[in-house]
Amino acid sequence: MSSSTLKVAGHSSLKPAAELARASGMRFPNESAEYRRAREALLAEEIELRRHIERVAAQRRALPPGGEVKKNYAFEGESGKTSFAGLFGDKDTLVVYSYMYGPQRERPCPMCTSLLSAWDGEVPDIAQRVALAIVARSPIARLVAFKRERGWHHLPLYSDISGEFSRDYHALTTDGGDDAAFNVFTRRQEGNGVTIRHFWGGEMNGASADPGQDPRGAPDLMPLWTILDVTPEGRGADWYPKLNY
């Protein structure tokens, strides 16, 4: 193999990240040589990060079939009651975010709300590729009231009527409290019928967190953190979004 190229799983030969960084040619007004050297080294790491993200995504896409969804989960949306299969609509892939707004909560989780506020404008684009459902245990009327209060336009909200889906797919804590969860399901032709299966779910939690870091998952779903991560202050370890400021 040439020293100027690398083999990356699932890709043709790629040039070393440091070589691409040197070829970038980006410069900013009045920057020092010290800044440029450090920035070039960082750029190489950013290129490697991009490549690692793609490798992980390819590995995720290659997962074998997940567990079959056999229960008849029941939901209620703004248009009435529906089955789990009904959440797919005309799509073969369903993304479900479990929103921490159970009936025991006076107000919903600020972190979940921040995330969903960012997602609301993306829903028309997401819906071109996959189905999306935002599921919580509160009654649908309560969810819709908060949707209006928050000014959301597009988020498809559903009440988990019995809470059984939330229990099975890790949206409840051991003591019965809310937990956020992110799961993907598929609906595919298998043999003589159609089978719904779990494809992937976020599994990072406090047990898998690194010291001094918030126990977040990867990929990080919140655009807020993506923006703060490129600032000198960073995301911090003791600041979180609020419902109101």
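Checking Val135 against (1) in contact (Cβ under 8 Å) with a residue 12 or more places away in the chain; (2) closer than 20 Å to Thr93 by Cβ; (3) in a helix (DSSP H, G or I), only one condition comes out false. Which one?
Among (1) in contact (Cβ under 8 Å) with a residue 12 or more places away in the chain; (2) closer than 20 Å to Thr93 by Cβ; (3) in a helix (DSSP H, G or I), the lone unmet condition for Val135 is (3).
Could you list, ordered by first residue, the pairs with Cβ atoms under 6 Å in which the first is in the range 195-214 and of a type outside the set (S, T, N, Q) and the second is at pLDDT below 95 and open to solvent by less than 60 Å² (accessible area, probe 1.4 Å), at least 6 apart or interchain?
Note: pairs meeting the criteria are Gly202/Gly217; Met204/Gly217.
Among the residues of the range 191-230 satisfying the criterion of being open to solvent by 50 Å² or more (accessible area, probe 1.4 Å) and of a type in the set (S, T, N, Q), which is nearest to Ala57 (Cα to Cα)?
Thr226
Modelled with pLDDT of 95 or more and either at positive phi or surrounded by fewer than 15 Cβ atoms within 10 Å (Cβ to Cβ) (or both): does that describe Ala9? If you could, list the steps in order and put the result at the bottom.
Working: modelled with pLDDT of 95 or more: no; either at positive phi or surrounded by fewer than 15 Cβ atoms within 10 Å (Cβ to Cβ) (or both): yes.
Criteria not met by Ala9.
Restricting attention to the range 130-146, report how many residues are surrounded by 19 or more Cβ atoms within 10 Å (Cβ to Cβ) and either under 17 Å from the mean Cα position of the chain (by Cα) or among the charged types (D, E, K, R) (or both).
Total meeting the criteria: 7.
Within the range 63-99, work out how many residues are aliphatic (A, V, I, L, M) and open to solvent by 30 Å² or more (accessible area, probe 1.4 Å).
Residues of the range 63-99 aliphatic (A, V, I, L, M): 63, 69, 74, 85, 87, 94-96.
Imposing the further condition that a residue be open to solvent by 30 Å² or more (accessible area, probe 1.4 Å) reduces the set to 63, 74, 85.
Qualifying residue count for the region: 3.
Select from the range 166-196 the residues that are of a type in the set (A, V, I, L, M, F, W, C) and within 20 Å of the chain's Cα centre (by Cα) and list them in ascending order.
Step one: of the range 166-196, the residues of a type in the set (A, V, I, L, M, F, W, C) are 171-172, 180-182, 184-185, 194, 196.
Passing the criteria: Ala171, Leu172, Ala180, Ala181, Phe182, Val184, Phe185.
Which numbered condition trips up Ala127, out of (1) free of Cβ contacts under 8 Å to residues at least 40 places away in the same chain; (2) of a type in the set (Gly, Ala, Ser); (3) open to solvent by less than 20 Å² (accessible area, probe 1.4 Å); (4) closer than 18 Å to Gly89 by Cβ?
The one condition Ala127 does not meet is (3).
The values are calculated or read from the model by the stated rules, or taken from the named source; none is laboratory data. Given the structure is predicted, the values throughout are model-derived calculations rather than measurements. Cβ coordinates were reconstructed from backbone atoms using ideal geometry, including for glycine residues, and neighbour counts include every protein chain displayed. Protein only, heavy atoms only, side chains kept; ligands, DNA and RNA dropped before computing areas. Shrake-Rupley method; radii C 1.70, N 1.55, O 1.52, S 1.80 Å.
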